[in-house]
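To keep things clear, I will list the structure first and then write my remarks on it.
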Amino acid sequence: MDTITREQSSTLRAALRGRLIEPQDPDYDTTRAIWNGMIDRRPAMIARCAGVADVISAVRFARDSHLSLAVRGGGHNIGGSALCTDGIVADLSGMRGVRVDPQARRAWVEGGATLADVDHETQAFGLATPLGINSTTGVGGLTLGGGFGWLTRTLGMAVDNLRAADIVDATGQLRHVDARHEPDLFWAIRGGGGNFGVVTMFEFELHPVGPLVTAGLLVYPFAEAHQILTRYAELTGRLRNDVSVWAILRKAPPLPFLPPTVHGADMLALAVFSPLQPDAVSAEINELRQFGTVLGEHIGAVPYAAWQKTFDPLLTPGARNYWKSHNFTQLNAGAIETIVAYAARLPSPHSEIFLGLIGGRANALPPEATAYPHRNALFAMNVHTRWTEPSDDAECIAWAREFFKQTAPYAAGSVYINFLNEDESERIREAYGPNYARLAALKARYDPANLFCNNQNIKPSA
Ligand SMILES: Cc1cc2nc3c(=O)[nH]c(=O)nc-3n(C[C@H](O)[C@H](O)[C@H](O)COP(=O)(O)OP(=O)(O)OC[C@H]3O[C@@H](n4cnc5c(N)ncnc54)[C@H](O)[C@@H]3O)c2cc1C
């Protein structure tokens, strides 16, 4: 890799409408900070792109200077792929525009927008597209990996609602892709991550949602976790597509609807969501109430955009995080037993085991329909190990790895690429599943020199 001369950086600076940020700049450290506080990488330059022209300049500069190139959307990737060491970061966090056509039910979303940006603009018209559950996540990384959230059971994955994209390829050329124009590349970006270029604009289909939806939490004592998860596993096998219920095992946050004696105690919470109104889902909610002793509940009609932010306070940026994830096609007795055993000894007050329910419309397509292949996954289980002190690293990471190992026999043998850690490169093939070979061939066509390598990388192979 070449080193960067003062002249080269002046050339790039002059080519940008946005800023070029280098280690000597006072805001260098804040600019390179990302969601996971464990990641501490020092790029040589950060190109804060103001638009497509800047993205083209950054890509061409990286290619011509033989520099490592990373692409930053919302900066949430747990493995820190938004950053590289010594190379250049094309930082899209200044490109957050969202334009909505309410009649056509379409949204055009710039590559650095967050979920909150999209929800804010689309909800002004009572419209939405399925994204994730934490409003500060970037639409870019989430969508390119597949993208699932509260609306997924009803409306499919984020990629299932992507209708077109503008993408700057490895030569710096801007391509418009959709089902008719470069359908191979359009297929590849619907699950192939950041391997094929920088998406400067996503075009999503929108659907009528809210503004009021039904959502909320039911909190149960941890002592009943085994019984509740057993009933939950049975329910999720037959749940209608317009209802979603996720399970969370953690210490209870100081939620106002919980008695103070419960705050800080181990608990199991079921998070319920439906785009329907409360009357239409009262049977399901009543059934959940019978699962065990409800310590507290807060459930009813809420604005969709507000529900999309409900988990934000538990997922603030800057903490140390280590994740381990498995997909499951079902939760059997062995899985439940292991989950409860490890939830009983969480290594830190902010760690949690999250069972994200997928299924529904997301599983109505065959695995080869999009590059995202996991059309049989009913759950993505994510272990959010989260703490603040570096001295706790070893204990927290060891707990997550051990739990991951003990649950592996009950899991589907697949994983969502967006939940992979930086030390899990050996799981990349598992993450792309049966679509890996086609993706590798397309990588050879669109990025033969692997310029876009700071991601869950697909090696070019004809
Ligand atoms: C707190 C939290 C909650 C989450 N919740 C969910 C959830 O509910 N559902 C879900 O599906 N996922 C969820 N995720 C995972 C999330 O999808 C990934 O972390 C994803 O990588 C985040 O995208 P980003 O743009 O914020 O990340 P970044 O770190 O900025 O980007 C990650 C990678 O994506 C690529 N990339 C990003 N933007 C672009 C672009 N415009 N063009 C080309 N490549 C790009 C690059 O390769 C980059 O390295 C969550 C993550 C966190 C930290």
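The values are calculated or read from the model by the stated rules, or taken from the named source; none is laboratory data. Quick caveat: nothing in here was measured; it's all calculated off a predicted structure. Positions of Cβ are generated from backbone atoms using ideal geometry, with glycine treated the same way; all protein chains shown enter the neighbour counts. Ligands, DNA and RNA are stripped out before the accessible areas are found, and what is left, the full protein with its side chains, is counted by its heavy atoms. Shrake-Rupley method; radii C 1.70, N 1.55, O 1.52, S 1.80 Å.
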Practice item. Return the total of residues in the stretch 423-449 being of a type outside the set (G, A, S), loosely packed, with under 15 Cβ neighbours inside 10 Å and more than 19 Å from A369 (Cα to Cα). Key: 4
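Considering only residues that are among the hydroxyl-bearing types (S, T, Y) and either free of Cβ contacts under 8 Å to residues at least 24 places away in the same chain or open to solvent by less than 30 Å² (accessible area, probe 1.4 Å) (or both), which ones fall in the stretch 290-341?
Start the filter on the stretch 290-341 by keeping residues that are among the hydroxyl-bearing types (S, T, Y), which leaves 293, 304, 310, 316, 322, 325, 329, 338.
Matches in the stretch 290-341: Y304, T316, Y322, S325, T338.
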Check your understanding: For residues in the stretch 342-367 being crowded, with 20+ Cβ neighbours inside 10 Å and of a type in the set (A, V, I, L, M), which is farthest from F148 (Cα to Cα)?
Key -> L346
Check your understanding: Any residue at all in the stretch 209-220 that is farther than 23 Å from G359 by Cβ and open to solvent by less than 10 Å² (accessible area, probe 1.4 Å)?
Key -> yes
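Considering only the stretch 400-438, state which residues are β-branched (V, I, T) and assigned to a helix (DSSP H, G or I).
Scanning the stretch 400-438 gives T407, I417, I428.
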Study note, to complete from the structure: Taking the stretch 121-144 and keeping residues open to solvent by less than 10 Å² (accessible area, probe 1.4 Å), more than 6 Å from the ligand (Cβ to nearest atom) and either at pLDDT below 95 or assigned to a loop (DSSP other than H, G, I, E, B) (or both) leaves T129, P130, L131, S135
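Looking at the stretch 368-395 only, could you name the residues that are β-branched (V, I, T), open to solvent by less than 10 Å² (accessible area, probe 1.4 Å) and modelled with pLDDT of 95 or more?
As a first pass, look at the stretch 368-395 and keep what is β-branched (V, I, T): 370, 383, 385, 388.
Adding the requirement that they be open to solvent by less than 10 Å² (accessible area, probe 1.4 Å) leaves 370, 383, 385.
Of everything in the stretch 368-395, those that are β-branched (V, I, T), open to solvent by less than 10 Å² (accessible area, probe 1.4 Å) and modelled with pLDDT of 95 or more turn out to be T370, T385.
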Review point. All but one of (1) at pLDDT below 95; (2) farther than 28 Å from R42 by Cβ hold for L365; which doesn't?
Key: (1)
Practice item. Search the stretch 406-422 for residues being within 30 Å of L365 (Cα to Cα) and away from the ligand (no atom under 14 Å from the Cβ), and hand back the single one that is most open to solvent (accessible area, probe 1.4 Å). Key: P409
Study note, to complete from the structure: Out of (1) farther than 18 Å from F222 by Cα; (2) buried (at least 20 other Cβ atoms within 10 Å of the Cβ), the one A398 does not meet is (2)
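Does the stretch 95-105 hold any residues that are in contact (Cβ under 8 Å) with a residue 24 or more places away in the chain and either open to solvent by less than 60 Å² (accessible area, probe 1.4 Å) or among the aromatic types (F, W, Y) (or both), and which are they? So that I can check it myself, show each step before the final result.
First, the residues of the stretch 95-105 that are in contact (Cβ under 8 Å) with a residue 24 or more places away in the chain: 95, 98, 100, 102, 105.
Hits for the stretch 95-105 are M95, V98, V100, P102.
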Review point. Out of all the residues in the stretch 433-460, which are more than 12 Å from I189 (Cα to Cα) and of a type in the set (F, W, Y)?
Key: Y436, F452
Revision key, fill the gap. Going through (1) surrounded by 24 or more Cβ atoms within 10 Å (Cβ to Cβ); (2) within 10 Å of the ligand (Cβ to nearest atom); (3) within 24 Å of Y416 (Cβ to Cβ) one by one, R153 fails only at (2)
